[in-house]
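The values are calculated or read from the model by the stated rules, or taken from the named source; none is laboratory data. Everything quoted here is computed from the prediction, not taken from an experiment. With ideal geometry, Cβ positions are generated from the backbone for all residues, glycine too; neighbour counts draw on all protein chains shown. Protein only, heavy atoms only, side chains kept; ligands, DNA and RNA dropped before computing areas. Shrake-Rupley method; radii C 1.70, N 1.55, O 1.52, S 1.80 Å.
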Amino acid sequence: MRRKLVVGNWKMHGNRAQVTELLQELISSATQISQGVDVGVCPSFVHLGLVKDQLAGSKLILGAQDLNEQPESAVTGEVAGSMLFDLGVRYVIVGHSERREKLKESDDLIADKLVSAQVNGLTPILCIGESLEQRQGGVTEETVVGQLNVAVDKVGIRAFNDVIIAYEPVWAIGTGHTATPEQAQEVHRLLRDHLAELSAAVAEAVRIIYGGSVKADNAKELFRSADIDGGLVGAASLKAEEFISICKSAG
Ligand code: PEP
């Protein structure tokens, strides 16, 4: 039985006071969330230390939004996986569509980041998803399987025992247009079936979470689907009450 996982991606939002207020509300309400649900929060790099210091004893797990693919070295402005682990980070998002689009991150680079995350003891949350044009052009399956394959080819199927896949249709991110539970389930199933061709055990165990305008009023229906193991939540994770409600829907 796979544990559900809900992760908040705070993106490039908030100052220290706002982050502290949000976190304190989350911490004080976290007891309402089922023990069977894992919950992560991914603040920006500059707020990781602040959040870590306040998280002690809470069920919330610290995540980061990115890492550099290189080991600690002379790369100005970047952050290595070892630094994140040392700080207490446990999850790290790789391949978010905003980075793929705005920063031109390639599948290859993302696979290298996934390796770096695992080498440094972090659990990568690998984001994959098709654009609106790709969906309308009928190439959703080949797009997401293609993105997944680059990572599988790099690390091998066994490594996916400790990878979380986030299916995030680009047309649903930050747009308010959530995929229907049927649309999401269909892609989650095909991803799991694809992995099963390489390892039935890994395919059964791997958590595939959905991201794209998850909100309090659609989370329950999404999380009820057989192959949706939780959510990666952007905008709605910045509102404590709504995020807690989404987490409760997973329990
Ligand atoms: C995301 O950025 O991963 C995301 C899913 O954002 P939103 O929930 O705002 O669509």
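General remarks:
- Here the dipole of segment 4-249 is about 620 debye; that uses its Cα centre as origin and unit charges on the Cβ of Lys and Arg (positive) and Asp and Glu (negative).
- The order of the peptides 79-85, 21-27 by mean Cβ neighbours within 10 Å, most packed first, is 79-85, 21-27.
- Ordering 106-113, 69-76 by mean Cβ neighbour count within 10 Å, with the highest value first, yields 106-113, 69-76.
- Per-residue ³J(HN,Hα) for segment 152-164, Karplus 6.51 cos²θ - 1.76 cosθ + 1.60, θ = phi - 60°, Hz, x for Gly and Pro: 4, 4, 6, 9, x, 5, 4, 4, 6, 4, 10, 10, 10
- Maximal additional length on extending the Asp53-Glu221 stretch stands at 57.0 nm, based on 0.36 nm per residue less the C-alpha distance.
- Placing unit charges on the Cβ atoms only, positive for Lys and Arg and negative for Asp and Glu, gives segment 182-251 a dipole magnitude near 240 debye about its Cα centre.
- Across the cross-link table entries Lys154/Lys220; Lys11/Lys113; Lys113/Lys215; Lys4/Lys113; Lys11/Lys220; Lys11/Lys215, which are compared at the Cα atoms, the separations over 26 Å belong to Lys154/Lys220; Lys113/Lys215.
- Heavy atoms of His13 accessible to a 1.4 Å probe, total area in Å² rounded to 10: 90 Å²
- Spin-label pair Glu204/Arg158, simplified geometry with 7 Å Cα→Cβ offset, distance in nm: 1.9 nm
- Computed from backbone phi with θ = phi - 60° and the Karplus coefficients 6.51, -1.76 and 1.60, the 3J(HN,Hα) list for segment 186-199 is 4, 6, 4, 5, 5, 5, 5, 4, 5, 5, 5, 5, 9, 7 Hz; x is used for glycine and proline.
- For the chain, the pair-distance distribution built from all alpha carbon pairs, in bins 10 Å wide starting at 0, is 7, 34, 39, 18, 2 percent.
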